[in-house]
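The values are calculated or read from the model by the stated rules, or taken from the named source; none is laboratory data. The structure displayed is predicted, hence computed values, not measured ones. We place every Cβ from the backbone using ideal geometry, glycine too, and count neighbours over all the protein chains shown. SASA here: full protein model, heavy atoms, side chains in, ligands and nucleic acids out. Shrake-Rupley method; radii C 1.70, N 1.55, O 1.52, S 1.80 Å.
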Amino acid sequence: MLVPISAFDLDKLPAHLRVTFAVEAPDGTEVARGKDLEALQHRLAGSARRAVAEAVASDLERTGLRGWPDDLDTLPRRVERSVGGHLVRGYPALVDAGATVDIKVYATEAERGPAMAAGTRRLLRLAVPSPVKAVEKSLDPRARLVLGSNPDGSLVALLDDCADAAVDALAPAPVWTRTEFIALRDRVAAALPTTTRDILGRAQKVLTALQEVQLALPGKPSAAQADAVADIRAQLDRLVGVGFVTTTGAARLADLTRYLMAIGRRLDRLPHAPQADRDRLQRVYAVQAAYDELLAALSPARAAAADVRDIGWMIEELRVSLWAQQLGTARPVSEQRIYRAIDAILA
């Protein structure tokens, strides 16, 4: 009898029973070999992107842009060409290169999505006046004190983070023509200072809650509290790392404040009920393990998609429901809902 084997079961098979994948160049030369197809795809993603660009759009790629290129009216959403009897498709995108923006062509639409979002943000930041200095000058001493200690490392870095998040809020979708970009640039320029200040105010509430949690965390927890404290530290690393404002997004900053307040409530109760905390933690670990398996089964581009990342936010809401129910959750949440969301991605 044939028994279906899931993607997760395959990883548990002995190495000699698992399929070996080989990737060959057009001339038959072996490029790579391995038993993990996802790992091979990830390793060869750069090579695949370059091969597609050379085949269909090498003349489209640009480097060092600080504004929309003068010689390009429209950035095509897709380019294709027949090569050796095969139809090759490429997906152009603006790409954040730090101080400038590049145009690159990706092999898949899934890879292009995150790159285009970040590239559009960077091009808008380069094309409009920065609000950072003006916002910094408007801060009072108390705000400076709270905001100066932050995961981004400095007040200026935090303000840049808030400005990036403001651009994301003002430009939620990419544009594909010079005319659209100019119109978007003008709208962003007009609203960026006010929006950045608004987001900075939300970030200040996050940092106030974070500092309260950090003060409450025991430096040397007892054996009974050690697992809980380690879990909290790992949760803080996930939630409030470098670039946390942009990563979280303006719309979720209030939720982030609530998650940190929930951690504070957990720490208040921990000395009095360590066993109850361990029981709740095991429930969270079970759904987190299922989510981690899901992420491992997906390509990096698919794992970064909004519907997949949303499951991570559901787990944060579950933590609130378990340790600080009185704070409320943004939506109904349970372990069963999380497992169903994971199954929906795998379906």
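Selection of the stretch 51-71 for residues being open to solvent by less than 50 Å² (accessible area, probe 1.4 Å), modelled with pLDDT of 85 or more and more than 23 Å from P129 (Cα to Cα) yields L60, R62.
Considered as a group, the residues in the stretch 72-82 that are surrounded by 15 or more Cβ atoms within 10 Å (Cβ to Cβ) and within 11 Å of T177 (Cβ to Cβ) include one that is farthest from the chain's Cα centre (by Cα), and that residue is L72.
Which condition from (1) touching a helix residue (DSSP H, G or I) at 6+ places or on another chain (Cβ under 9 Å); (2) without any contact (Cβ under 8 Å) to a residue 24 or more places away in the chain; (3) under 30 Å from D59 (Cβ atoms); (4) surrounded by fewer than 21 Cβ atoms within 10 Å (Cβ to Cβ) is the one that Y91 breaks? Result: Y91 fails condition (4) only. Taken over the stretch 199-229, the criterion of being open to solvent by 60 Å² or more (accessible area, probe 1.4 Å), part of a helix (DSSP H, G or I) and without any contact (Cβ under 8 Å) to a residue 40 or more places away in the chain is satisfied by Q214, L215.
Taking the stretch 173-198 as the search range and keeping residues that are open to solvent by 70 Å² or more (accessible area, probe 1.4 Å) and among the basic types (K, R), which one is farthest from M116 (Cα to Cα)? My answer is R197.
When residues in the stretch 136-162 are screened for being among the charged types (D, E, K, R), in contact with a Leu (Cβ under 7 Å, 6 or more places away or on another chain) and surrounded by 18 or more Cβ atoms within 10 Å (Cβ to Cβ), 1 of them pass.
Candidates are the residues of the stretch 110-134 that are surrounded by 20 or more Cβ atoms within 10 Å (Cβ to Cβ) and touching a Pro at 6+ places or on another chain (Cβ under 9 Å); the one that is farthest from P92 (Cα to Cα) is P131.
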